[in-house]
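J.: Pasting a structure below so you can have a look.
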Amino acid sequence: MKQIILTGDRPTGRLHVGHYVGSLKERVKLQNSGRFDEIYIMIADAQALTDNAEHPEKVRQNIMQVALDYLACGIDPEKSTIFVQSMVPELTELTFYYMNLVTVSRVQRNPTVKAEIQQRNFEASIPVGFFWYPISQAADITAFRATAVPVGEDQLPMLEQCKEIVHKFNAVYGETLTEPEIILPDNAACLRLPGIDGKAKMSKSLGNCIYLSDTPEDIKKKIMSMFTDPNHLRVEDPGTVEGNPVFIYLDAFCRSAHFTEFWPDYSGLEELKDHDRRGGLGDVKVKRFLNNVMQAELAPIRERRQQWEKRLPELYELLEAGCKVARAKAAETLNDVRHAMKIDYFVDNNLLK
Ligand code: ATP
Ligand code: MG
């Protein structure tokens, strides 16, 4: 069986370091592993419109921004097909058929949808399109016959829902769709990076992000103002490492080489954490170190982004070509789906048979 990746992001803003550690870094690793036959990376504009129907300009403007972030992180257009969701209308048709295989109460139970409805204050006015986006996501994944979906932890319920749809479809219409496997980061700190405000998730919609395209000054300002352990009032007080965003970011980004380079007083992160727990370690010092680490990690990404910003017409062509490749692939799956559902009436006179 072909090994195929499908993953993507909503163009609701530029991408941030949560995307990077949660999904982008893994994608680049998988892309370069040589283990995959096809890789599709989708800019999910149609999904972004489900909760941004009144802000089409925001979605439109972020398409190129997200594409730039991909290339900046090391997505290689020679190896990965980058495309825009709405340019592949086959996905909408698949969604329409899958909707019949899912109950309203099943979507209502999806914990990510529940949390996002609350976060967007949609309780009394959920757009129908937003409500069923997990079904549309199943269409995206299965259209490309994805075997692997590298994403952050918040996508686990979507993948479960997708697998259920695959099973149901195959049970009702015969073996047609491929079951995907979720690929989560191994590093627990990367599963769901918190926001700089201490909220559980860094998210474009919450405005608590460090963006991959932020200037060195912005990054520093954000880190120095980060939410930290609220009970650590005086330097000599013992600190709490668990749940402290500054230490979570260090868990996500810091390597032992960073200590050698920026803070040789400590042998590594465990020793620094022990000092914090004992007391006597000031937050500002830790934040300065985190700033050095993040600047070192983000500088090459920002530089690659700046190079691509000078080549926008090339990027445009690359996206246009990617959409064609993606559409052809999705159309093949849609043909199989129609065949399995016996609604391919005019292929080989099927309706007469
Ligand atoms: P929005 O607020 O518009 O939903 P978002 O910041 O949640 O934006 P998405 O485009 O929904 O970003 O998510 C893209 C990918 O990044 C998904 O695989 C998601 O799991 C992952 N991701 C998003 N935020 C984080 C985070 N804070 N930590 C780890 N992974 C994340
Ligand atoms: Mg999201």
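The values are calculated or read from the model by the stated rules, or taken from the named source; none is laboratory data. Remember, predicted model here, so these are calculated numbers, not experimental data. Here the Cβ is made from the backbone with ideal geometry for all residues, glycine too, and neighbour counts use every protein chain on show. SASA here: full protein model, heavy atoms, side chains in, ligands and nucleic acids out. Shrake-Rupley method; radii C 1.70, N 1.55, O 1.52, S 1.80 Å.
J.: Considering Glu271, Glu236, which residue is open to solvent by 60 Å² or more (accessible area, probe 1.4 Å), touching a Gly at 6+ places or on another chain (Cβ under 8 Å), more than 16 Å from ligand 1 (Cβ to nearest atom) and of a type outside the set (Gly, Ala, Ser)?
T.: One residue alone meets the criteria, Glu236.
J.: Also, I was wondering about something else. For Arg27, are the conditions met, namely being part of a loop (DSSP other than H, G, I, E, B) and modelled with pLDDT of 95 or more? I'd like the intermediate steps shown before the answer.
T.: On the way: part of a loop (DSSP other than H, G, I, E, B): no; modelled with pLDDT of 95 or more: yes.
For Arg27, the condition - part of a loop (DSSP other than H, G, I, E, B) and modelled with pLDDT of 95 or more - is not met.
J.: Determine whether Gln61 is open to solvent by 20 Å² or more (accessible area, probe 1.4 Å), more than 25 Å from Ser205 (Cβ to Cβ) and polar (S, T, N, Q). Spell out the reasoning first.
T.: Values: open to solvent by 20 Å² or more (accessible area, probe 1.4 Å): yes; more than 25 Å from Ser205 (Cβ to Cβ): no; polar (S, T, N, Q): yes.
No: the conditions fail for Gln61.
J.: Take the residues in region 64-109 that are open to solvent by 50 Å² or more (accessible area, probe 1.4 Å) and basic (Lys, Arg), then tell me which one is nearest to the chain's Cα centre (by Cα).
T.: Result: Lys79.
J.: Scanning region 193-223 for residues that are basic (Lys, Arg) and either modelled with pLDDT of 95 or more or away from ligand 2 (no atom under 16 Å from the Cβ) (or both), which turns out most open to solvent (accessible area, probe 1.4 Å)?
T.: Step one: filter region 193-223 for residues basic (Lys, Arg), giving 199, 201, 204, 220-222.
Retained after the next criterion (residues that are either modelled with pLDDT of 95 or more or away from ligand 2 (no atom under 16 Å from the Cβ) (or both)): 220-222.
On the way: Lys220: 104, Lys221: 141, Lys222: 44 Å².
That would be Lys221.
J.: Looking at region 162-186, which of the residues that are open to solvent by 60 Å² or more (accessible area, probe 1.4 Å) and in a loop (DSSP other than H, G, I, E, B) is farthest from ligand 1 (Cβ to nearest atom)? I'd like the intermediate steps shown before the answer.
T.: Taking region 162-186 first, the residues open to solvent by 60 Å² or more (accessible area, probe 1.4 Å) are 163-164, 167-168, 171-173, 175, 179, 181, 186.
Within this subset, residues satisfying the condition of being in a loop (DSSP other than H, G, I, E, B) are 175, 179, 186.
On the way: Glu175: 28, Glu179: 19, Asp186: 13 Å.
For region 162-186, the residue satisfying everything is Glu175.
J.: Answer yes if at least one residue in region 279-299 is among the aliphatic types (A, V, I, L, M) and in a loop (DSSP other than H, G, I, E, B), and no otherwise. Outline the logic, then answer.
T.: Within region 279-299, the first condition is being among the aliphatic types (A, V, I, L, M), and the residues that meet it are 281, 284, 286, 290, 293-294, 296, 298-299.
Subsequent filtering for residues that are in a loop (DSSP other than H, G, I, E, B) retains 281.
Among the residues of region 279-299, at least one is among the aliphatic types (A, V, I, L, M) and in a loop (DSSP other than H, G, I, E, B), which makes the answer yes.
J.: Another question, if that's okay. Examine region 4-24 for a residue that is among the polar types (S, T, N, Q), in a helix (DSSP H, G or I) and within 15 Å of ligand 1 (Cβ to nearest atom), and state whether such a residue exists. So that I can check it myself, show each step before the final result.
T.: Taking region 4-24 as the starting set, the residues that turn out to be among the polar types (S, T, N, Q) are 7, 12, 23.
Then keep just the ones that are in a helix (DSSP H, G or I); that gives 23.
Those left that are additionally within 15 Å of ligand 1 (Cβ to nearest atom): 23.
Among the residues of region 4-24, at least one is among the polar types (S, T, N, Q), in a helix (DSSP H, G or I) and within 15 Å of ligand 1 (Cβ to nearest atom), which makes the answer yes.
J.: Before we move on, is Glu123 loosely packed, with under 14 Cβ neighbours inside 10 Å and farther than 29 Å from Asp37 by Cβ?
T.: When the stated conditions are applied, Glu123 passes them.
J.: Report, by residue number, each residue of region 156-184 that is of a type outside the set (Val, Ile, Thr), touching a helix residue (DSSP H, G or I) at 6+ places or on another chain (Cβ under 7 Å) and within 18 Å of Gly8 (Cα to Cα).
T.: First, the residues of region 156-184 that are of a type outside the set (Val, Ile, Thr): 156-164, 167-171, 173-175, 177, 179-181, 184.
Checking the rest, the ones that are also touching a helix residue (DSSP H, G or I) at 6+ places or on another chain (Cβ under 7 Å) come to 157-158, 161-162, 168-169, 173-174, 177, 179-180, 184.
Of everything in region 156-184, those that are of a type outside the set (Val, Ile, Thr), touching a helix residue (DSSP H, G or I) at 6+ places or on another chain (Cβ under 7 Å) and within 18 Å of Gly8 (Cα to Cα) turn out to be Pro157, Met158, Gln161, Cys162, Glu179, Pro180, Leu184.
J.: Considering only helices (runs of 4 or more DSSP H) fully contained in region 75-128, which possess at least 2 residues that are at negative phi and within 16 Å of ligand 2 (Cβ to nearest atom)?
T.: Working: elements: 90-98, 104-108, 111-119.
Hits in region 75-128: 111-119.
J.: Test Asp265 against the stated conditions and say whether it is of a type in the set (D, E, K, R) and not in a helix (DSSP H, G or I).
T.: On the way: of a type in the set (D, E, K, R): yes; not in a helix (DSSP H, G or I): yes.
So Asp265 passes the test.
J.: Within 20 Å of Lys201 (Cα to Cα) and modelled with pLDDT of 95 or more: which single residue out of Phe259, Phe253, Phe289 fits that description? It would help to see each step written out before you state the result.
T.: Working: Phe259 fails: within 20 Å of Lys201 (Cα to Cα); Phe289 fails: within 20 Å of Lys201 (Cα to Cα).
After ruling out the rest, the residue left standing is Phe253.
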